[in-house]
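Chemist: Here you go, one structure.
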Amino acid sequence: MRSPRVDVVLGLQWGDEGKGKVVDALAGSYPVVARFQGGPNAGHTLYYQGKKVVLHQVPSGIFHEGVYCVIGNGVVLDPEVLLREVEGLQALGIDPKEKLIVGKRAHLILPIHRWLEEVSAEGEKIGTTRRGIGPAYADRYARRGIPVAWIDEADFAQRVEALFTYHAARFPSEKPPTLSETFWKGIELLRSLPRVELTEWLLQFEAVLAEGSQGTMLDIFAGTYPYVTSSHTTVAGVIAGLSVPPQSIREVYGVIKAYTTRVGEGPFPTEVFGSEAEWLQTRGNERGSTTGRLRRCGWLDLVALQYAIQLNGVTHLALTKADVLCGLPQVKVRVGGSDTAPIYETLPGWQSLNDPAFEHFVRFIEGFVGVPVRGISTGPSREDWYERLPKAPKSLG
Ligand code: IMP
C-alpha cells in the first residue's frame with residue numbers, strides 16, 4: 001500500500017516537555033510537518049534569530065525553508081488566533097501563507113466556544129486554558145460543529161449564527177459574544193490557504209513529521225481523566241488526525257523533561273511543594289506559555305513514563321531541560337509504589353551536562369524503560385541540542 005512514512009514527536013508527560021524544540025531540530029529532514037490534534041491551548045516555544053516565538057496554531061516547522069506546515073484534521077482551529085500568529089510571523093520576515101496547508105476536516109473554534117468556557121463552571125474545575133478547546137470538540141462529537149470545509153458554503157454564516165443561538169440559549173442571563181471583524185478576517189485568511197483532503201494530499205510526499213501537542217497524560221482516553229484535554233494526544237491521534245493508515249507510522253520520538261510539570265488540576269504523584277517547587281519554577285521558568293500560569297513541578301515519574309512509552313510504541317526518547325537541574329546534590333526519580341505513595345530512587349546530581357553523573361541519570365532512564373535517549377536539549381535556543389549515540393540499555397544486555 002502506498003502511504004507516506006510518518007514519524008511522530010509527542011509528549012510523554014503532561015505537556016510542556018519541549019516538543020516544539022525537538023520538532024524544530026528534526027523538521028529540516030522532512031518535507032511536511034503536521035499538527036494532528038489540539039488547538040491554541042498549545043504554546044510551542046521556539047527561538048528564532050535570538051527572538052522568542054510562541055506558536056499556538058502554526059506547526060513548529062515554520063522556520064524551515066521548503067517545509068509544508070499542515071494543520072491536520074484532528075485540530076480545532078481558531079481563525080482569530082491563526083490570523084494573529086500569521087501576522088506575527090510576517091513581522092519577523094516569514095510568510096507562513098506560502099507554507100500553510102489546512103486539513104478540510106479540522107473544526108473551527110468560534111468565539112462562542114471561548115465564551116462557553118467563561119460562563120460555565122466546567123472548565124474551571126479542570127483548570128483549562130480557556131481557549132474554547134473542550135466546547136469545540138464537544139460540538140464536533142455532538143455533530144453540530146463547523147468543519148473548515150464549510151467556510152465555502154453559501155450558508156456558512158447562518159450555520160455559525162445557529163450555533164451561537166443554540167449555546168446562548170443555555171445561559172440566558174449572560175451576554176453572548178458577537179462575530180467581530182477579526183473573526184471574519186481570520187475566515188478570509190483561511191479562505192486564502194489551501195484546504196485539502198489530507199489522505200490524498202499527503203500521498204505526494206515520502207515522509208511526514210507529526211507534531212503532538214500537550215502530552216500523553218492529558219489524552220482524553222489514556223490520561224488522568226477528567227483532568228485531561230479533549231483530544232488524542234497519543235499516537236492514536238496521529239492516524240485519525242492526519243487521516244493516514246496505521247502502517248505509515250514509523251519512528252515515535254517521545255519527549256520528556258528531566259523532571260515533571262503540570263498546569264491545571266489533577267493527580268500528580270511526584271509533585272513537590274514549597275521551596276523545592278519554587279526552585280524548579282524559577283530555574284526552569286515554569287510558567288505556562290499560553291496562560292502565564294505557574295506550572296506545578298515534581299520529580300521525573302518513570303512509572304508514568306513506562307506507561308506512556310508502552311501506549312505510544314515509543315522508539316526513541318528526547319530529553320529536555322536536564323540543564324535546569326545542574327547544581328543539585330541529588331535528584332530523585334519515581335521507580336514504583338502507588339500514585340499516593342510513590343517510591344523513589346535517589347541519584348547523584350550533576351554540575352554540568354558533561355558530568356558523568358548526568359550520563360548515569362540518562363542510562364538509568366534507559367535501563368528502566370528500555371528505550372534509548374537519542375536527543376538531548378541543553379538550553380533554550382535552537383543550537384542547544386545534541387544527538388547522542390544510543391548505547392544498549394542495561395536491561396536489554
Ligand atoms: P484545555 O486543553 O484548555 O481544555 O485544558 C485541559 C487541561 O489540559 C488543563 O489542565 C490544561 O492546563 C491542560 N493543557 C492544555 N494544553 C496544554 C499545554 O499545551 N501544556 C500543558 N497543559 C495543557
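The values are calculated or read from the model by the stated rules, or taken from the named source; none is laboratory data. Keep in mind the model is a prediction, meaning the values are calculated, not measured. Cβ: placed from backbone, ideal geometry, glycine included. Neighbour counts: every protein chain shown. Note: areas computed on protein heavy atoms with side chains; ligands, DNA, RNA excluded. Shrake-Rupley method; radii C 1.70, N 1.55, O 1.52, S 1.80 Å.
Chemist: Could you tell me what percent of the accessible area of the range 107-189 is made up of carbon and sulfur, with a 1.4 Å probe and every protein chain present? Walk me through the numbers before you get to the answer.
Modeler: Details: 2260 of 4320 Å².
Using a 1.4 Å probe with all protein chains present, the range 107-189 comes out at 52 percent carbon and sulfur.
Chemist: Under 10 Å, Cα contacts only: if you run a Gaussian network model on the chain, which one of Pro267, Pro329, Pro40 comes out with the highest mean-square fluctuation?
Modeler: Fluctuation is largest for Pro329.
Chemist: OK, next. Counting only residues 5 or more places away or on other chains, whose amide H sits under 5 Å from the amide H of Val75 once H atoms are built in the peptide plane?
Modeler: Answer set, sorted by chain and number: His107.
Chemist: What is the percent carbon and sulfur in the accessible area of the range 240-282, measuring with a 1.4 Å probe over the protein chains and ignoring ligands? Write out the running numbers ahead of the final one.
Modeler: On the way: 870 of 1660 Å².
So the carbon and sulfur contribution to the accessible surface is 52 percent.
Chemist: Moving on to the next point. Non-local amide H neighbours of Ala210 (under 5 Å, H modeled in plane, Pro and chain starts lacking H): which ones?
Modeler: Asp7, Val8, Val9, Ala34
Chemist: How large is the accessible surface per residue of the chain, computed with a 1.4 Å probe and reported in Å² as a whole number? Write down the numbers at each step before the final one.
Modeler: Working: 16500 Å² over 397 residues.
Per-residue value: 42 Å².
Chemist: Using θ = phi - 60° and the Karplus form 6.51 cos²θ - 1.76 cosθ + 1.60, what ³J(HN,Hα) does each residue of the range 259-270 get, whole Hz, x for Gly and Pro?
Modeler: The phi angles translate into 9, 10, 9, 8, 10, x, 7, x, x, 7, x, 9 Hz.
Chemist: Taking 0.36 nm per residue of sequence separation and subtracting the Cα-Cα distance, how much length would be gained by fully extending the chain between Tyr225 and Leu203, in nm to one decimal? Mind dumping the intermediate values first?
Modeler: Details: separation 22, 0.36 × 22 = 7.92 nm, distance 3.55 nm.
Full extension of this stretch gives 4.4 nm more.
Chemist: Quick check: pseudo-label points 7 Å beyond the Cα along Cα→Cβ at Thr378 and Asp95, how many nm apart are they?
Modeler: Distance between label points: 3.8 nm.
Chemist: Can you figure out the FRET efficiency of Glu174 with Arg143, using R₀ = 25 Å and their beta-carbon distance, to the nearest 0.05?
Modeler: Working: r = 25 Å, r/R0 = 0.99.
The value I calculate is 0.50.
Chemist: Then there is this: Using +1 on the beta carbon of Lys and Arg, -1 on that of Asp and Glu, and nothing else charged, what's the dipole of the range 257-396 about the Cα centre, debye to 20?
Modeler: Working: 16 positive and 15 negative charges, 41 e Å.
That gives the range 257-396 a dipole magnitude of about 200 debye.
Chemist: Once the dipole of the chain is set up with Lys and Arg at +1 and Asp and Glu at -1 on Cβ about the Cα centre, which of Gly375, Ala304, Val102 lies farthest towards its positive end?
Modeler: The one lying farthest along the dipole's positive direction is Ala304.
Chemist: Using only helices, what value at 222 nm comes out for the chain when you add -39,500 (n - 2.57) per DSSP H run of length 4 or more and divide by the total residues, to the nearest 500 deg cm²/dmol?
Modeler: Numbers: 12 runs with 117 residues, N = 397.
Mean residue ellipticity, 222 nm, calculated: -8500 deg cm²/dmol.
Chemist: Next up: What net charge do the residues around Val238 carry, taking every other residue with its C-beta under 15 Å from that of Val238, with Lys and Arg at +1 and Asp and Glu at -1? It would help to have the intermediate numbers written out before the result.
Modeler: On the way: positive: Arg5, Lys19, Arg35, Arg105, Arg250; negative: Asp7, Glu211, Asp219, Glu251.
Result for the local shell: +1.
Chemist: Under the 0.36 nm per residue contour assumption, what length would be gained going from the current alpha-carbon distance of Ser120 and Glu276 to full extension? Don't skip to the answer; put the middle values down first.
Modeler: Working: separation 156, 0.36 × 156 = 56.16 nm, distance 3.46 nm.
So the chain would gain 52.7 nm between Ser120 and Glu276.
Chemist: Another question about this same structure. Would you mind counting up the charge near Tyr30? Only other residues with Cβ under 12 Å from its Cβ, with Lys and Arg at +1 and Asp and Glu at -1.
Modeler: Working: positive: Arg5, Arg250; negative: Asp7, Asp24, Glu206, Glu211, Glu251.
Here the charged neighbours net out to -3.
Chemist: Packing-wise, with mean Cβ within 10 Å as the measure, how do 3-16, 344-357, 243-256 rank, highest first? Can you show the working numbers first?
Modeler: Values: 3-16: 25.2, 344-357: 14.3, 243-256: 20.4.
Result, highest mean Cβ count within 10 Å first: 3-16, 243-256, 344-357.
Chemist: Here's a follow-up. Given 4 °C and 1.567 mPa s, compute D for the range 1-60 with the Stokes-Einstein relation, Rh being the Kirkwood radius over Cα pairs; round to the nearest whole µm²/s. Provide the component values of the computation, followed by the final result.
Modeler: Details: Rh = 12.7 Å.
The Stokes-Einstein estimate is 102 µm²/s.
Chemist: Out of all DSSP beta bridges with both ends in the chain, state the antiparallel percent to the nearest 5. Numbers along the way, then the final one.
Modeler: On the way: 21 of 57 bridges.
In the chain, approximately 35 percent of DSSP beta bridges are antiparallel ones.
Chemist: Follow-up. Quick one: dipole size for the range 107-189, taken about the Cα centre, charges +1 on Lys/Arg Cβ and -1 on Asp/Glu Cβ, in debye to the nearest 20. Walk me through the intermediate numbers first.
Modeler: Details: 11 positive and 12 negative charges, 55 e Å.
Dipole size: approximately 260 debye.
Chemist: Oh, and also: Sequence-distant or interchain residues sharing an amide H contact under 5 Å with Val373, placed H: which?
Modeler: Residues meeting the criterion, in which the H sits 1.01 Å from N, are Leu317.
Chemist: List the relative contact order of the chain as a percent without decimals, with contacts defined as Cα pairs under 8 Å and 6+ residues apart.
Modeler: Details: 865 pairs, mean separation 83.7, N = 397.
Rounded, it is 21 percent for the chain.
Chemist: Can you check how the C-alpha radius of gyration of the chain compares to 2.2 N^0.38 Å, as a plain ratio?
Modeler: On the way: Rg = 20.9 Å, N = 397, 2.2 N^0.38 = 21.4 Å.
With N residues counted in the chain, Rg over 2.2 N^0.38 Å equals 0.98.
Chemist: So if I place +1 on the C-beta of Lys and Arg and -1 on the C-beta of Asp and Glu, and nothing else carries charge, what would the dipole magnitude of the chain be about its Cα centre? I want it in debye, nearest 20. Write down the numbers at each step before the final one.
Modeler: Details: 42 positive and 44 negative charges, 53 e Å.
Taking the Cα centre of the chain as origin, the dipole is about 260 debye.
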